[in-house]
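Asks: Sharing a structure with you now.
The values are calculated or read from the model by the stated rules, or taken from the named source; none is laboratory data. Keep in mind that what you see is a predicted model, and the values were worked out from it rather than measured. Using ideal geometry, Cβ is built from the backbone for each residue, glycine included, and neighbour counts are taken over all protein chains shown.
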Amino acid sequence: MYRSLKNIILLSAIIMLSGCSLIPKPPVAERHDTLMVMFGDTRIDSYHWLHQRDSQRVIDHILSENAYTYAMMESTTKLQERLISEMRSRKRGEDVTVPVFMNGYYYYIRYEEGKDYPINCRRKGSMKTPEEVILDENEVAAGHRYCQVASIDISPDNHIMAYGVDTLGKRLFTIYFKNLASGRILEHKIENTTGEVAWTKDSRFVFYAYKDSTLRPSAIYRHDILQPYDDVLVFNEDDNTFRTRVFPTKSLSFVIISTSNGETSECWYLNADRPLDKFRLITSRNNNFEYSVDHSGNYFYFLTNFKAPNFRVLRAPVSNPVLKNWKEVIPSDSSVLILTMEAFKNHLVTTERRDALLKVRVVDLQSMEEHYIDFGEEAYTAIPSVNPEYSTNFYYYYYTSFTMPGSTYEYNMATRQKQLLKQNEVLGGFEPANYESKRIWATATDGQKIPISLVYKKGISFNANTPLLLYGYGAYGYSINTTFDSNLISLLDRGVVYAVAHVRGGQEMGRQWYTQGKLLNKKNTFTDFIACAQKLITDGYTSPAKLIAHGSSAGGLLVGAVANMRPDLFKAIVAEVPFVDVLTSMLDSTQTLTTIEYNEWGNPHDSTFYFYIKSYSPYDQVKKQPYPNMLVTSGYNDNQVQFFEPVKWVAKLRHNNTGPNQILLWVDMSLGHSQSSGRFLQLKDQAFIYAYMLSQWGINE
C-alpha cells in the first residue's frame, strides 16, 4: 500500500536534491499569501494554492510527501509485515454470520478463504434448502481498491434486489437492480444516492434519496421498475442545513420520509399499498424539536425530545397522528438517554444509555409491562443486531466488551430467555482472562467528571515508562463504546495500554454531554481530552514521553486542537483524515457537507461563530512552538475532509515547529475518507499506523 515505483523514484530525487544525504529532508511547501477579510478580521492563508486538486504542482508535492514518509518509515517495514501476519492469523479465513429470517427466507453472509469481501446468500424457508448467492461483493469489487455496498434491499415479492455501490470512497452510491430469478443485472441504475431504497408493497416502486453536489441528501424520488427512466420528485428539502432520508417501517406498511438538521426534524408518511399517493405530514418542524417514527398495529410510535431533553417514547393513532394526539409510552428520565427505538408486532424495544453503559428495554404492547434484558455483568456493550422481521417475539443483539469477542444472542421477548447463537472466534490462542479493563474518571476544568476506559494485558506495571495510547472523538453525539478489536491485541501484547477518553461532544453521559461539546461549547471537547491525558500522567499510568494521542476525522480535529494547546503532554500524535481547517471549510457553502453541519460547528457567516471557530481551528491556531512527533493521513478522493486540509496543515506545522520532532504526511491517492475496504487489505493500513506508534514508543522488534 505504501510503496509504489513512482514514490521510490521521487524518493531518489529527494535524496539527490538534499545533497546526496542518506536522510532526506522533509518537503517544503512554498508560501503564497492569500488575503481573506471577514468581519474586519484579516486572515492570510499562505498555503491556499494547495486547494488546486488537479494541479500537477500540487500532485507532485503530495507525492514528494509520500516519498519522504516512506523513507522515514522504511525501517519499520519488517514490523509492518509482522503486524499484518499477526492480525491476519487471528481471523478466520472462512466464516459465516448468524442467519436472519425475513419474509420467508434466511439471509446470511459468508466469507471464503483468501477473499476480502462478503458473499451475500439466502435459503428459502429453512437453512437445509439449497443456497442462493444473491450478491458476491468480491465480484463487485474486482478491479477497485475500494468498494462499499451500502445496503441490500429485497422487494416484498422476493424477486428484485436493489443495492448501492461506492468504488471511490466518496460515499456517493450508485443503486443497481438485480433479478434474483435470472441473476441478471437490470440495465437501469440510479447515481448520486445514499445507496438505500424503500420498496412499496407491489414490488414495482422504490423511493430513494438523491445527493446534491455538496453530498447533502436533498431530495426524495420515486423510481418505477417498469418505466425506469422517468423518476418522480416527491420531496425536496429547500433548507440547505437539512438532510433527508427515506425508509420503510419495520411492518413494511408505511414509507417514511425524515428530514433533519441534527436539532430539528420533520417526518412524512405514505401507505406502502398506495405508492402514487402524496406523502402526508405528521407534524411540522419546530426549532429544537426532534422526532423519529416507526409503526405497529394501529399506532405510530415516536422517539422524541419533545419536552424531554433525554428523549421519551409516545404514540398516536395511524388514523390521526397529529401532535395533540401523542400519548406517552416511555417517560423521560434525566439519568437515561434513549438512543434507538424498534417497533415489533407485539413489542417495543429501546436502547438506552445510563452512566455510560448501554441497556435494552422491552415493552409488551398489549399489557404495556416492561423489563430490561439482564446481561449478567456490569461492563459491556450491547447493541441491536439485525432485526428485520416484524411479526416475531425474537430480538437479536450483539454483546461485547474490551476483553470479550463479540457474541450474537437471540432473546425471546415473551419468555425472557436468551440463547447464544455465535461468538466471534479469535484464533491464535487468545484468552480473555489474560486481559483486563477498568474505568477511571478525570476532572475537567469546569469540574465535570470525564470517564476514561482502559484495557491492557493483565499484570502490566503502570509507571512513567508504560506506553499508552489515548483515543478520542467527541462530535455529532457519537459515543465510543467499549467493543472488542482483535487487531488491538498486537499492541496490548507488547505492553501498550489502550484508553478511550469519553469527552463531551459524544453522548456517553446523556444528551447534555453532546450539547456541552458542540457549537459555542466545542472547546470542552479539547479541554476534556487534555484533562484525561493529565489524569493518566498524574496517576502514574504513563508519562508525556510515552503518551500518544490518536483521533480521526472529527477526532483529528480534536487531537489537532490539543496539539496547539498542550503539545508538551504527548510523545506523538496520530491524526487520520483530520478535519483541521474548520473555519475555511465552514465558510465555503459549496463544499461538501458544509451547510448541513452548521448545527454542529456553527455558521461562521455569523461573526460570533466566526471568531469562536477561529479560536480553536487547528490550522488557524498553529503557532511558533515545539510540536510533538506527528503522523497525518489523508485520502486524495476524500470529499468529507478534503485532502488539502491535512496537506496544508502539515506544511504550516513544519514552518512553525521550533522543535526537533518529525511531522509526517501520507496521502493515499486512491482512497477517500475511509481505509481500504477489504477485510485483509485494511490490515495493511492498520499495520502502518501501529508500526508508527510502536516506533515512537521505542518498540522496534
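Asks: Does residue 258 satisfy the condition of being among the small types (Gly, Ala, Ser), not in a strand (DSSP E or B) and not assigned by TED's automatic domain parsing to the domain that holds residue 219?
Replies: Details: among the small types (Gly, Ala, Ser): yes; not in a strand (DSSP E or B): no; not assigned by TED's automatic domain parsing to the domain that holds residue 219: yes.
For residue 258, the condition - among the small types (Gly, Ala, Ser), not in a strand (DSSP E or B) and not assigned by TED's automatic domain parsing to the domain that holds residue 219 - is not met.
Asks: Next question. Of all residues in segment 151-165, which are assigned to a strand (DSSP E or B) and either of a type in the set (Phe, Trp, Tyr) or modelled with pLDDT of 95 or more (or both)?
Replies: Narrowing segment 151-165 to residues assigned to a strand (DSSP E or B): 151-154, 160-165.
Residues satisfying the conditions are 152, 153, 154, 160, 161, 162, 163, 164, 165.
Asks: Sticking with this one: Which helices (runs of 4 or more DSSP H) does segment 597-698 wholly contain that include 3 or more residues that are closer than 23 Å to residue 469 by Cβ?
Replies: Details: elements: 598-601, 607-614, 644-656, 681-696.
Per the criteria, 644-656, 681-696.
Asks: Turning to a different aspect of this structure: Give me the pairs: first residue in segment 489-518 and over 18 Å from residue 445 (Cα atoms), second residue assigned to a loop (DSSP other than H, G, I, E, B) and of a type in the set (D, E, K, R), beta-carbon distance under 7 Å, and six or more apart or on different chains, which are they?
Replies: 489/90
Asks: Also, I was wondering about something else. So, residue 358, is that one out of contact with any helix residue (DSSP H, G or I) (no Cβ under 8 Å at 6 or more places or on another chain) and modelled with pLDDT under 95 or not? Lay out the reasoning, then the answer.
Replies: Working: out of contact with any helix residue (DSSP H, G or I) (no Cβ under 8 Å at 6 or more places or on another chain): yes; modelled with pLDDT under 95: yes.
Considered against the rule, which asks whether it is out of contact with any helix residue (DSSP H, G or I) (no Cβ under 8 Å at 6 or more places or on another chain) and modelled with pLDDT under 95, residue 358 comes out as yes.
Asks: Only one of 656, 700 is within 22 Å of residue 51 (Cα to Cα) and surrounded by fewer than 18 Cβ atoms within 10 Å (Cβ to Cβ). Can you tell me which?
Replies: On the way: 700 fails: within 22 Å of residue 51 (Cα to Cα).
When all the criteria are applied, what remains is 656.
Residue by residue, here is whether (1) hydrophobic (A, V, I, L, M, F, W, C); (2) without any contact (Cβ under 8 Å) to a residue 60 or more places away in the chain; (3) surrounded by 17 or more Cβ atoms within 10 Å (Cβ to Cβ); (4) on the phi > 0 side of the Ramachandran plot holds:
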position: 194; (1), (2), (3), (4): no, yes, yes, no
position: 200; (1), (2), (3), (4): no, no, yes, no
position: 203; (1), (2), (3), (4): no, yes, no, yes
position: 206; (1), (2), (3), (4): yes, yes, yes, no
position: 209; (1), (2), (3), (4): yes, yes, yes, no
position: 221; (1), (2), (3), (4): no, yes, yes, no
position: 234; (1), (2), (3), (4): yes, yes, yes, no
position: 238; (1), (2), (3), (4): no, yes, no, no
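Asks: Can you name every residue in segment 453-463 that is outside any loop (DSSP other than H, G, I, E, B) and among the polar types (S, T, N, Q)? Lay out the reasoning, then the answer.
Replies: At the first step, the residues of segment 453-463 found to be outside any loop (DSSP other than H, G, I, E, B) are 453-457.
Within segment 453-463, 453 is the sole residue that qualifies.
Asks: Additional query: Look at residue 527 and say whether it is hydroxyl-bearing (Ser, Thr, Tyr) and touching a strand residue (DSSP E or B) at 6+ places or on another chain (Cβ under 6 Å).
Replies: Numbers: hydroxyl-bearing (Ser, Thr, Tyr): yes; touching a strand residue (DSSP E or B) at 6+ places or on another chain (Cβ under 6 Å): no.
No: the conditions fail for residue 527.
Asks: Something else about it: Of the conditions (1) part of a strand (DSSP E or B); (2) over 27 Å from residue 287 (Cβ atoms); (3) over 22 Å from the mean Cα position of the chain (by Cα); (4) without any contact (Cβ under 8 Å) to a residue 40 or more places away in the chain, residue 319 fails just one. Which one is it?
Replies: The single condition residue 319 does not satisfy is (1).
Asks: Output the residues belonging to segment 223-232 that are surrounded by fewer than 19 Cβ atoms within 10 Å (Cβ to Cβ) and not aliphatic (A, V, I, L, M).
Replies: 224, 227, 228, 229, 230, 231
Asks: Something else: Starting from segment 597-608, keep only residues that are among the hydroxyl-bearing types (Ser, Thr, Tyr), then list their pairs with residues that are in a loop (DSSP other than H, G, I, E, B) whose Cβ atoms are within a distance under 8 Å, requiring at least 6 positions of separation or different chains.
Replies: 598/241; 598/261; 607/39; 608/602
Asks: Right, another one. Considering only segment 272-311, give the strands (runs of 3 or more DSSP E) lying wholly within it that have at least 3 residues that are modelled with pLDDT of 95 or more and not aromatic (Phe, Trp, Tyr). Walk me through it before giving the result.
Replies: On the way: elements: 280-283, 291-296, 299-304.
By residue number, 280-283, 291-296.
Table: residues versus (1) at pLDDT 95 or above; (2) not small (Gly, Ala, Ser).
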position	(1), (2)
463	yes, yes
466	yes, yes
472	yes, no
475	yes, no
480	no, yes
483	no, yes
488	yes, yes
491	yes, yes
496	yes, yes
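Asks: Additional query: If residue 392 satisfies every condition in (1) in a strand (DSSP E or B); (2) at pLDDT 95 or above but one, which is the exception?
Replies: (1)
Asks: Also: Considering only residues of segment 38-67 that are among the β-branched types (Val, Ile, Thr) and surrounded by fewer than 18 Cβ atoms within 10 Å (Cβ to Cβ), which is nearest to the chain's Cα centre (by Cα)?
Replies: Going residue by residue through segment 38-67, those that are among the β-branched types (Val, Ile, Thr) are 42, 44, 58-59, 62.
In the following step, the residues that additionally are surrounded by fewer than 18 Cβ atoms within 10 Å (Cβ to Cβ) were identified as 42, 44, 59.
On the way: 42: 35, 44: 33, 59: 28 Å.
Within segment 38-67, the match that is nearest to the chain's Cα centre (by Cα) is 59.
Asks: Turning to a different aspect of this structure: Being more than 24 Å from residue 566 (Cα to Cα) and surrounded by fewer than 24 Cβ atoms within 10 Å (Cβ to Cβ) is the filter; apply it to segment 601-635 and report the residue that is nearest to the chain's Cα centre (by Cα). Working first, answer last.
Replies: Here is the first cut: in segment 601-635, the ones more than 24 Å from residue 566 (Cα to Cα) are 602-608, 635.
Next, only the ones that are surrounded by fewer than 24 Cβ atoms within 10 Å (Cβ to Cβ) stay: 602-603, 605-608.
Values: 602: 21, 603: 23, 605: 28, 606: 29, 607: 31, 608: 29 Å.
Taking the candidates together, the pick is 602.
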